[in-house]
Amino acid sequence: MLETLNLASKGKYVPKIREHPGVKAIQEALGRATEMGRPVCYSPGTQSLYSTKYAGDTAAALTILGYTAQEAVKTGADLIVGISQPTVLPVAEEVVRQAYKLESREDEYVEGETVRFYSPNQWGFATSYVGMMHREKAAANFLFGGHAAEAMVIAENGATVGAMQIAGSTNVYQLPFFLVSCEYTLIGEDEYAAAAYLSTDPSQKGIVFGQDLAKLITIGLIVLGSVLATFGNSAISSLLSM
Amino acid sequence: MSNVSKQISSIVLVVVSLVILVDFFWANPTLKSLATDLNNWAVVIGAFALGLGAYSLLTRHSKRILQKKESWIFSVLLLATMFLFIATGLITGSVTSDEYNFIYALMVQPLSSALYGMNAFFIASASYRAFKAKNVESGLLLVAAIFLMLKNAPIGEAIHPILPQIGSIFWDFAGATGMRAILIGIGIGTLAIGLRIIIGQEKTPLGGAE
Amino acid sequence: MSDFIETLSKNYKQVIYIGLFLVLTIPRVYPLGLPIPLSDTTMGVYNQIEALEPGDVVVIGSSISASIYAEVYPQYIAVMRHVLGQEGVKVILVDHIPEAPIFTERAIEEANAYSYKAYGEELVHLGYIAGDEAAISGLCRDLHDLLQVDYHGTSISEISMLDDINSAEDFTIVLDFTASADSQYWLNQAYATYGTKIALGLTAVKVTDAYAYYTAGQIFGIVESTKGAAQYEILIDQPGLAAQGMDAQSLAHLFFIGLILVGNILYFVKGGKNQ
Amino acid sequence: MSAIASLISAALVIMIYSILYRENPLFRVGEGILVGATVGHAVVQAIFNVRDLAIIKVQQGLATGDISKILYVIPILLGIGLYLQFSKKYRYVSKISIAFMLSVGIALSMRGLLYNNVIGQIKGAIMPLNTIEGIAYTIGLISVLLYFVYEEKTSRIAGPLPNLGRYVLMITMGAYFANSIMGRLSIVIGTMDGVLVTPSIYLVPVAALVIVADVLTRRKQAE
């Protein structure tokens, strides 16, 4: 499986990737915010950079943050990024600063205000983020990365202030809450695919294709294993137990 | 100069992740203790990172106070509470001392459980707003949710013993299909993004999109 | 009137919040006594404990932290009360996460444990043992080899009840209260290796995985979330917080279902238009 | 806890719940206290972490000559390196520290998820196809997996299955949504138990009166 991913990432074939409606919606939300003259806010999750479960999630959220920040500068929407984990803070600052630089609007980046550190505690973070959304009357709210039980507190308050919300997470227990409270939800792997989709580098799309192949192989294994199991053969299961 | 640093960063990425990955496939005591140490190192660096966060918070709020910005008084409250905790922790020398436990139980516990519990209220408003059978998808979402509620609350079984059984069928099905597929997808996706980061294709998380 | 309805639909959230507040508080003031049917899984735990004989050894593990306290602690204390009431049964308490000992001590105090069992003779609290699966494996293999002191710092060799308790072979049953992986560790180490009988007290989310073990006969019971705790309180005839909370639970679930239905009725009455 | 302490705790709970009505100064009091307290707590823990995990180890290492312990100087240096991001000239040093944390995290989650999510779940998914459940689970699972296939050609070949997968996904989400309710209700019931005791219970009518007064004055202003 690893090998497939690796090969596909280097492959010359650039596959056509289905776009998740949530990705397009990011631009829509930014446009709407500019029209209304209200800011947009972004949270890359409450999990640290070295979280053993959500490191990938955080990394994907930071990639999507880079895209969102750049698009926000382009459309002229005010961006506020709320940070929970101190390890994510320097990275998020750098990502957003770069995005402003790429659009040569460095002067609009306000140190300590565009990217704000709140609290490493999920509830400390949630109250600040919720308070900020209420006070700034956020027009759009993007929630990516690993969120825990604070997910719904943030998302429902976002719905209350009338923000258009787009969320993505790999925390399976929080996904249902995002799904009911947000306009668009990127479920699990959708978030990773979106991160790859948004990057300008064409080879990144190759890796999404690699992921697809891995899933097809998975399906093959399950079907083969189940058919064999029906006839009392457990070859595949024991192969996987090695 | 920054070129050299980029190289160092990539070397760090590859070496450190390889050690941890190889440790998983090849049981070797030296490698194992090295992997554990590397993990502890990350925690130590993470602890230093907290200073960045505290500094950022401190400057933002002291600016508010100095400029007498609107509602600066809340910034005073925030910083005062922060120093109260730091002082209590450092003076008593531990986060389990009686004094520390007292202020923690007085402030952090009620406030965090209040926020956690607030979810129940949001489940109520979301039930009303979002669970509308606009199409097949939202219809299925709603039916599954209702049967699961009747399975969990004791009242379901009191109404009719078959209700929890239907709920269990939904629950088992959800776990064996949708949840399993999401987990497999996340696993594959994490492998992919991990590979991209390690081989240096994914630059954003290092803050180097240039 | 129409003015009133308009304000209502504009502020529907606040109306719902007040509604839920009432649904949660009224049963606290006027208990309704809604029925709480008993589940097989809870009965399994109860019957096994009832069948204990003097000299039997019960190990109670805990991974209770502040975040699962509301769901698991009521079960923990209800089951502990039941076990304490069994004459001549030896009880070993052990914690699997650093936060757990505080709650274990709290339960000992609340259940008035020392009036049932003298400490060191029929009851011991080993405290938190670091090392995840290795800790549980060590406990099952040789308790005296793994530990030097108990939670209070008393030397293990001075605790008389532990003299003839060495390995998992001497544990009659193990009860583990958790939302973490230690339930799995107990299954691997105690059940799979020594055949010790195991039951679990779990959060609602965690029950799913465990249910398969129950149907396969690998564990003899599960206490499920506050619902299981309420059932247990009724079984031991000591209705506590969980049983009292069940009225509110039942009503609130019905309230949510009602909201979903009302939302849908209004939606279709208005012709499915966007609101 | 004394009566005054429980009164303060209950008051804080009510302040936080006031956000359900609208954003207001009392909520901001709760917000300020919670943020200050949690950041302060984290700072204290971080200081102790650095002391226990690093400095003590280095001291032990120096005393005993254990190299693996002396090496704990490295994370201390990398940690200090993080602060070089304030200097334009040496900012690159902080990137090394970040690369280090990122690689530990990503490698740990890769190996954890490979085993638990991929191999473990595939193993769990293999079942005999001689029962209705077996067949339904397998078809359901495959459909959702196909829904997560992004390449356009492949997903077209799969026909109606990805759509079916979307439906299965919705059932899953509904079920998981509802299944978490009991736990969350337990917490709010527990929180309320702290408020609904004397003397804290008297705060409830006070809060209600404040809200009613606010509604009335706002209505007057609106007119």
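Each residue in region A:38-95 was checked for being touching a residue at least 60 places away in the same chain (Cβ under 8 Å), among the β-branched types (Val, Ile, Thr) and within 12 Å of chain B (Cβ to nearest Cβ), and 4 pass.
Criterion first (at pLDDT 90 or above, over 21 Å from residue A:159 (Cα atoms) and assigned to a helix (DSSP H, G or I)) does residue A:89 satisfy it? Can you show your working first?
On the way: at pLDDT 90 or above: yes; over 21 Å from residue A:159 (Cα atoms): yes; assigned to a helix (DSSP H, G or I): yes.
Judged against the criteria, residue A:89 is a match.
For region B:156-165, indicate whether the set of residues that are at the interface with chain D (Cβ under 7 Å from one of its Cβ atoms) and in a helix (DSSP H, G or I) is non-empty.
Of the residues in region B:156-165, the ones at the interface with chain D (Cβ under 7 Å from one of its Cβ atoms) are none.
Scanning region B:156-165, I find no residue that is at the interface with chain D (Cβ under 7 Å from one of its Cβ atoms) and in a helix (DSSP H, G or I), so the answer is no.
Looking across region A:115-130 at every residue that is within 10 Å of chain D (Cβ to nearest Cβ) and outside any helix (DSSP H, G or I), the one that is surrounded by the fewest Cβ atoms within 10 Å (Cβ to Cβ) is identified as A:121.
Checking B:33, B:5, B:10, B:17 one by one, the residue that is in a helix (DSSP H, G or I) and either touching a Lys or Arg at 6+ places or on another chain (Cβ under 9 Å) or not hydroxyl-bearing (Ser, Thr, Tyr) (or both) is B:5 and no other.
Out of all the residues in region A:147-163, is one or more assigned to a helix (DSSP H, G or I) and under 23 Å from residue D:109 (Cα atoms)? Even if it seems obvious, please write down each step before you answer.
Filtering region A:147-163 down to residues assigned to a helix (DSSP H, G or I) leaves A:150-160.
Narrowing the set further to residues that are under 23 Å from residue D:109 (Cα atoms) leaves A:150-151.
There is at least one residue in region A:147-163 that is assigned to a helix (DSSP H, G or I) and under 23 Å from residue D:109 (Cα atoms).
Being touching a residue at least 40 places away in the same chain (Cβ under 8 Å) and more than 31 Å from the chain's Cα centre (by Cα) is a description that does not apply to residue D:139. Note on region B:10-68: residues that are aromatic (Phe, Trp, Tyr) and exposed (fewer than 15 other Cβ atoms within 10 Å of the Cβ) amount to 2. Among residues of region D:194-223 being within 31 Å of the chain's Cα centre (by Cα) and not in a helix (DSSP H, G or I), the one that is nearest to residue D:14 (Cα to Cα) is D:196. Looking only at residues of region A:52-65 that are more than 11 Å from the chain's Cα centre (by Cα) and surrounded by 24 or more Cβ atoms within 10 Å (Cβ to Cβ), we find that the one that is farthest from residue B:45 (Cα to Cα) is A:54.
Evaluated against (1) β-branched (Val, Ile, Thr); (2) surrounded by fewer than 16 Cβ atoms within 10 Å (Cβ to Cβ); (3) modelled with pLDDT of 90 or more, residue D:67 falls short on exactly one condition, (3).
With respect to the conditions (1) within 30 Å of residue B:9 (Cβ to Cβ); (2) in contact (Cβ under 8 Å) with a residue 24 or more places away in the chain, residue D:18 falls short on a single one, namely (1). Note on region C:30-131: enclosed strands (runs of 3 or more DSSP E) holding 2 or more residues that are surrounded by 18 or more Cβ atoms within 10 Å (Cβ to Cβ) and free of Cβ contacts under 8 Å to residues at least 60 places away in the same chain are C:90-95, C:123-128.
Is it true that residue B:158 is in contact (Cβ under 8 Å) with a residue 12 or more places away in the chain and either assigned by TED's automatic domain parsing to the domain that holds residue B:5 or not hydroxyl-bearing (Ser, Thr, Tyr) (or both)?
On the way: in contact (Cβ under 8 Å) with a residue 12 or more places away in the chain: no; either assigned by TED's automatic domain parsing to the domain that holds residue B:5 or not hydroxyl-bearing (Ser, Thr, Tyr) (or both): yes.
When the stated conditions are applied, residue B:158 does not pass them.
Just one of the listed residues (B:169, B:182) is surrounded by fewer than 22 Cβ atoms within 10 Å (Cβ to Cβ), among the β-branched types (Val, Ile, Thr) and within 22 Å of residue D:135 (Cα to Cα), and it is B:169. Look at region D:29-52: where a residue is more than 7 Å from chain B (Cβ to nearest Cβ) and a partner is buried (at least 24 other Cβ atoms within 10 Å of the Cβ) and among the hydroxyl-bearing types (Ser, Thr, Tyr), sitting 6+ places away or on another chain with Cβ atoms under 6 Å, you get D:31/A:127.
Among the residues of region B:166-188, those that are modelled with pLDDT of 90 or more, more than 7 Å from chain D (Cβ to nearest Cβ) and touching a helix residue (DSSP H, G or I) at 6+ places or on another chain (Cβ under 6 Å) comprise B:166, B:167. Set side by side, the residues B:107, B:149 differ, and just one is over 30 Å from residue D:138 (Cα atoms) and touching a helix residue (DSSP H, G or I) at 6+ places or on another chain (Cβ under 9 Å), which is B:107. Of all the numbered requirements in (1) within 29 Å of residue D:26 (Cα to Cα); (2) in contact (Cβ under 8 Å) with a residue 24 or more places away in the chain, residue A:210 misses one, and that requirement is (1).
Pairing residues of region A:131-143 that are surrounded by fewer than 24 Cβ atoms within 10 Å (Cβ to Cβ) with residues that are among the acidic types (Asp, Glu), at Cβ distances under 7 Å and at least 6 apart in sequence or on separate chains, gives A:131/D:23; A:131/D:31; A:134/D:23; A:135/D:23. Only one entry in D:135, D:126 is more than 28 Å from residue D:48 (Cα to Cα) and surrounded by fewer than 16 Cβ atoms within 10 Å (Cβ to Cβ), namely D:135. Looking only at residues that are touching a Pro at 6+ places or on another chain (Cβ under 7 Å) and surrounded by fewer than 24 Cβ atoms within 10 Å (Cβ to Cβ) in region A:78-103, which one is nearest to residue B:53 (Cα to Cα)? This residue is A:80. Being at pLDDT below 85, part of a helix (DSSP H, G or I) and either facing chain B (nearest Cβ under 7 Å) or within 18 Å of residue A:51 (Cα to Cα) (or both): is that true of residue D:112 here? So residue D:112 fits the description; yes. Applying the selection to region C:26-72, what residues are at pLDDT 90 or above and among the aromatic types (Phe, Trp, Tyr)? Answer for region C:26-72, where residues must be at pLDDT 90 or above and among the aromatic types (Phe, Trp, Tyr): just C:46. If you take the residues in region C:180-202 that are among the small types (Gly, Ala, Ser) and in contact with a strand residue (DSSP E or B) (Cβ under 8 Å, 6 or more places away or on another chain), which one is farthest from residue C:99 (Cα to Cα)? Only one residue fits best here, namely C:190.
Restricting the search to region A:144-154, which residues are at the interface with chain D (Cβ under 10 Å from one of its Cβ atoms) and surrounded by fewer than 24 Cβ atoms within 10 Å (Cβ to Cβ)? A:149, the sole residue that qualifies.
For residue D:13, are the conditions met, namely being in a helix (DSSP H, G or I), in contact (Cβ under 8 Å) with a residue 24 or more places away in the chain and under 24 Å from the mean Cα position of the chain (by Cα)? Even if it seems obvious, please write down each step before you answer.
Working: in a helix (DSSP H, G or I): yes; in contact (Cβ under 8 Å) with a residue 24 or more places away in the chain: yes; under 24 Å from the mean Cα position of the chain (by Cα): yes.
So residue D:13 passes the test.
Restricting attention to region D:2-28, the residues that are among the hydrophobic types (A, V, I, L, M, F, W, C), within 16 Å of residue D:209 (Cβ to Cβ) and within 12 Å of chain A (Cβ to nearest Cβ) add up to 2. Of the set (1) in a helix (DSSP H, G or I); (2) more than 7 Å from every other protein chain (Cβ to nearest Cβ), all apply to residue B:123 but (2). Within region D:126-137, the set of residues being under 14 Å from residue B:175 (Cβ atoms) and modelled with pLDDT of 90 or more comprises D:136, D:137.
The values are calculated or read from the model by the stated rules, or taken from the named source; none is laboratory data. Remember, it's a predicted structure, so these values are computed and weren't measured experimentally. Note that each Cβ is placed from the backbone with ideal geometry, even for glycine, and that neighbours are counted across all protein chains shown.
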